[in-house]
Amino acid sequence: MRVVTLVAIGVAALALLAIVAGHVLGIPIALSYVETGSMEPTIETGDGFVAVPSAVAGPAEEGDVIVFDAQEIEGGGLTTHRVVEVTEQGYVTQGDANPFTDQDSGEPVVTDGQVAATAHQVNGEPVTIPHLGTAVMGVENGLESSQRWLASTLGTTAVLGTQGLSSLLLAFGLVVLGVSLALERWSGATRERNRERSREDVYDARTLVLGLAALLIVVSLATMVAMSGTTETGIVSAEFDSDRPDVIPMGETESHEYELYNGGVLPTVTIVEPASEGVAVDERTTLGYGENATAAVAYTAPPETGYYLRSVSERTYFAVLPEPIIATLHAIHPWAAMASVTAVLTGIIVAPLALLIGTGTIRTRSRARSRSPGGLND
């Protein structure tokens, strides 16, 4: 029974972690949820659902429920609605409970670059988890209240926002780890005190190596996902010339500069590609720390007047493999490139440690002083 309880707690913790990570990165990871009733009765308010990232799910089809980065709906942000029509310009979307499409309400046609995930469906119905979103929203509200209280108490805003939350969680994890190690050493010392002259501490080197490898895998993947993404640009197809860069005469093409920058310590390989119709760009470049570059992006205005959303995809990988190899893996699938880069990066760091300490047990011996029956020190 205890094992079942621990497994249930672990699954719940992983689910919450996946949702929080998805919110931080702006890309649903395995799970997401809805905050409004626009998808009822398919997905009730506060229910969670299984979300497949767009890089895995591929292009959406009519009838799919997608999570996309809205421009106008409730001020913009991630929105979960159904695709009711696929056009040459993109997707027409609508909440199951809404009488009109999003585009009838002023939302531009949704492009592939805006789609973050697709809800996993079985027999045409999304796989939902009742009340998961309600629980997550409760946790988020509690965290926000705690952050505001700490900011007021400490007199600093450094603990607010996503970065502040990350720092607090890291500090909490370090405190828990430190307390656990202290309690373990204290209990071991209590059991062995006055019973032996020396104490031998045994550590599992394999656990240490595997733990470090798991940490590096999670951090490197999350970092590459966070560095990658799509950029949406609105253009106006007009019947006239204009000095405004977002206004393009009907059917004509204009080129704009797209800025690339590497603010990290490790060199990166960045690949820029179209993520919607009417965009032409094919750029890949390796950037060192603090370096920048520009890519030429050509936008083509449709033959009809109106406002159109265009998207550019930017995928960034750590340059631990030659640029041509990363480009080849990226052409197969972005996740193939990410997995390969992560494996190499983890191996570069973990392999020397494994060779140094091995994968067996680590034994450390510390001398303990005790008194002899006669009262003299040994």
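Taken along the Cα-to-beta-carbon direction at a fixed 7 Å, the label points for I325 and V127 span 3.4 nm. For the stretch 290-301, putting each phi into the Karplus relation 6.51 cos²θ - 1.76 cosθ + 1.60 with θ = phi - 60° gives couplings of x, 7, 9, 7, 10, 10, 8, 10, 9, 9, 10, 7 Hz, in residue order, rounded to whole numbers and with x for Gly and Pro. Can you give the FRET efficiency to the nearest 0.05 for S146 and T87, using r as the Cβ-Cβ distance and R₀ = 41 Å? That pair, S146 with T87, gives E of 0.35. The order of the peptides 302-314, 117-129, 145-157 by mean Cβ neighbours within 10 Å, most packed first, is 302-314, 117-129, 145-157. Given their separation in residues at 0.36 nm each and the Cα-Cα distance between them, N98 and E259 gain 54.1 nm when the chain is fully extended. Proximity of backbone amide H atoms, modeled 1.01 Å from N, is registered between D64 and V83 at under 5 Å, excluding neighbours fewer than 5 places apart on the same chain. Computed FRET efficiency, Cβ-Cβ of A214 and T36, R0 45 Å: what is it to the nearest 0.05? The formula returns an efficiency of 0.80 here.
Assuming R0 = 30 Å, what is the FRET efficiency of A343 and A226, from their Cβ-Cβ distance, to the nearest 0.05? Taking R0 as 30 Å, the efficiency between A343 and A226 is 0.95.
Label zone (D246, point 7 Å along Cα-to-C-beta; backbone nitrogen cut-off 13 Å) within the stretch 99-133: 108.
On full extension, the segment bounded by R206 and E61 gains 47.6 nm, given 0.36 nm per residue less the C-alpha separation.
Values quoted throughout were computed directly from the atomic coordinates according to the rules given, and no laboratory measurement underlies them. Just so you know, these numbers come straight off a predicted model, no measurement behind them. Because the Cβ atoms are built from the backbone with ideal geometry, glycine has one as well, and the counts that use them run over all protein chains shown.
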